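What follows is a short report on a single structure.
Read the figures in this text as sums done on the coordinates, not as results from a lab. Keep in mind that what you see is a predicted model, and the values were worked out from it rather than measured. Every residue, glycine as well, gets a Cβ built from its backbone with ideal geometry; the counts of neighbours run over all protein chains shown.
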Amino acid sequence: PAERPLQGMKVLISAGPTREPLDPVRYLTNRSSGKMGYALAEAARDMGASVILVSGPTQLPPPAQVDLVRVETAAEMYEAVIARAEASDIYIGAAAVADYTPAETQSEKIKKRGDTATLVLRKTRDILAEVAALEKRPFTVGFAAETVDLEAYALDKLARKNLDMIAANWVGQAEGGFDSDRNALEVFWKGGREALAMTGKKRLADRLTALIAERLQAGVVV
Ligand code: C5P
């Protein structure tokens, strides 16, 4: 049925920022609100899917009839997603995962000393790329938030991370992106692209989810 194109499907979505602890009272994070990922969870639910939402810390109410798994760090998000990915039909990586985490978390509060201080950071695992590399992989959708060269970076990520689809958006513009209620997306897949115009994140999530369902159907040989 046209209005429930994800009926019977299992959709796994990651959303929000991660929080990387430096010591018991401090952490590194980013401006992600989680709104896009939560809106995607509601859109997939409304299209008939059973939805698991793995979420970093957000201020958002838990979506009804969605299985919410709360995590804090990139490492916790990795474990939560990888454990559920092979059982999923679709994975949408909408979280703003920290690219680097403190090499060490101090067990006591770091003391103030000299005029400058240096943090040593270690790269986190790329959850999206690892999901796409699984033997039994779901239809894998990534996000790319860029301030320059949107199309080039998006196409590079699509190929390099072996994704089925990538949704790219400008960040740091007057409208749209991380903290905003509105957004616009340039969506790319192998052999196609579609621009989804600036609108509210719920409406945009409906359009992106419909596009995912359409591409998934197109890839299924009956
Ligand atoms: O390479 P970049 O971080 O810009 O790619 C963004 C995409 O990769 C997003 O979908 C994001 O959720 C995902 N990602 C991830 N794990 C990381 C870093 C990014 O899943 N450690």
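Rg and Dmax in Å for the chain, alpha carbons only: what are they?
Expressed in Å, the Cα Rg and Dmax of the chain come to 17.8, 67.
What's the whole-number percent of alpha carbon pairs in the range 74-186 lying beyond 22 angstrom?
47
In a GNM of the chain with a 10 Å cut-off on Cα contacts, which of Ala41, Ala132, Ala64 has the highest mean-square fluctuation?
Ala64
Explain nothing, just compute: Karplus ³J(HN,Hα) = 6.51 cos²θ - 1.76 cosθ + 1.60, θ = phi - 60°, for every residue of the range 123-139 in order, whole Hz, x for Gly and Pro.
Rounded to whole hertz, the list is 4, 8, 6, 7, 4, 4, 5, 6, 5, 5, 8, 5, 4, 9, 8, x, 4.
Charges only on Cβ, +1 for Lys and Arg, -1 for Asp and Glu: so what's the dipole of the chain about the Cα centre, in debye to the nearest 20?
240
By DSSP, what percent of the beta bridges with both residues in the range 71-222 are antiparallel, rounded to the nearest 5?
So the antiparallel bridges amount to about 55 percent of the total.
Given the peptides 93-103, 167-177, 147-157, arrange them by the average over their residues of other C-beta atoms within 10 Å, most packed first.
Output ranking for 93-103, 167-177, 147-157: 93-103, 167-177, 147-157.
Between their Cα atoms, which of Lys10/Lys161; Lys35/Lys202; Lys161/Lys201; Lys10/Lys201; Lys35/Lys123; Lys35/Lys190 are more than 19 Å away from each other?
Going by Cα-Cα distance, Lys10/Lys161; Lys161/Lys201; Lys10/Lys201; Lys35/Lys123; Lys35/Lys190 fall outside the 19 Å limit.
Need one number: nm distance between label points at Arg26 and Val69, each 7 Å from Cα along Cα→Cβ, rounded to one decimal.
3.2
Using alpha-carbon positions, what is the distance between the centroids of the range 43-76 and the range 143-217, in Å?
20
I need the calculated FRET efficiency for the pair Glu108 and Glu79, taking r as the beta carbon distance and R₀ as 35 Å, to the nearest 0.05.
It comes out at approximately 0.85.
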